[in-house]
Amino acid sequence: MNPVMILLKRELRSYFATPLAYVFIVIFLVLSGSFTFYLGSFYERGQADLAPFFSFHPWLYLFLVPALSMRLWAEERKSGSIELLMTLPVTLFQTVLGKFLAAWAFTGIALALTFPMWLTVNYLGDPDNGAILAAYLGSLLMAGAFLAIGACISATTRNQVVAFIITVVVCFGFLLSGFPMVLDLFRDWAPQVLIDTVSSFSFLSHFASISKGVIDLRDLVYFAAVIITWLAANVLVLDLKKAE
């Protein structure tokens, strides 16, 4: 069997061996429902869609995903089990990929458990199911980007709290990079091409496009590039730490 798949199954089983998985899923489902039906004014809008549901996903992921990713490598380094992990007959990249895919699959399970909301809007009206499916895809891709960042940062420290805080700050920067409050810092001195580049890093703009049902190749490539870049950085960090 592929070493990556072996690591993926091992890590995924470890999530459900502790209360962490169930606590994470319950919190995600409760917050998703609360934000959608109360803060999102689901019924008051009078529209059969899941726009209020998906609009809160970036902000839910901002705190819940770092809480999930902070343990990926920080716990291994603190317990000393990372030395054992490094002696396995797998490459460093396969190890990083296996742990990342397990965390991503777990997040996907939590996201899939919100399926009753999709059934609800179909019961209440005639929604654009293609747009909803696209929004689920965009949400999963965005979660993967959050996880890749968190995994890399987790590899830099033994302290899970430190990993959590730094991940939240970095991901918050990715969320806000397209906002005027950030872009205004560059307008007075930076060329327009730099401003456009900073704006293009925003998770929100790429996710908003997909969540409307518009699957643009540029948005897919963006999230794929973020994931690959941070996973490569994760491998580099672990390689440097191994040499210490």
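The values are calculated or read from the model by the stated rules, or taken from the named source; none is laboratory data. These figures come from a predicted structure and were not determined experimentally. Cβ atoms come from the backbone with ideal geometry, glycine included; neighbour counts cover every protein chain shown.
Quick look at the numbers
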item	result
Near pairs, Cβ below 6 angstrom, 6+ apart or cross-chain, from region 220-238 (without any contact (Cβ under 8 Å) to a residue 60 or more places away in the chain and within 18 Å of S205 (Cβ to Cβ)) to any residue that is surrounded by 21 or more Cβ atoms within 10 Å (Cβ to Cβ) and not basic (K, R)	Y222/H206
Verdict on A143 being surrounded by fewer than 22 Cβ atoms within 10 Å (Cβ to Cβ), in a helix (DSSP H, G or I), under 16 Å from the mean Cα position of the chain (by Cα) and not β-branched (V, I, T)	no
Residue satisfying all of: in region 152-180; closer than 14 Å to Y61 by Cβ, buried (at least 19 other Cβ atoms within 10 Å of the Cβ) and at pLDDT 90 or above; farthest from the chain's Cα centre (by Cα) among these	F164
Qualifying residue in region 74-81 (condition: within 23 Å of N234 (Cα to Cα), basic (K, R), assigned to a helix (DSSP H, G or I) and at pLDDT 90 or above)	no
Residue ID - surrounded by the most Cβ atoms within 10 Å (Cβ to Cβ), chosen from residues in region 96-112 that are β-branched (V, I, T) and within 15 Å of S69 (Cα to Cα)	V96
Residues that are modelled with pLDDT of 90 or more and in contact with a His (Cβ under 7 Å, 6 or more places away or on another chain), drawn from region 202-244	Y222, F223
Matching residues in region 113-136 - criterion: being in a helix (DSSP H, G or I) and buried (at least 16 other Cβ atoms within 10 Å of the Cβ)	M117, W118, T120, V121, A131, I132, A134, A135, Y136
Near pairs, Cβ below 7 angstrom, 6+ apart or cross-chain, from region 103-132 (over 18 Å from I27 (Cβ atoms)) to any residue that is basic (K, R) and surrounded by fewer than 18 Cβ atoms within 10 Å (Cβ to Cβ)	A131/K212
Any hit, region 44-59, residues being surrounded by fewer than 16 Cβ atoms within 10 Å (Cβ to Cβ), within 30 Å of D128 (Cβ to Cβ), touching a helix residue (DSSP H, G or I) at 6+ places or on another chain (Cβ under 6 Å) and modelled with pLDDT under 85	yes
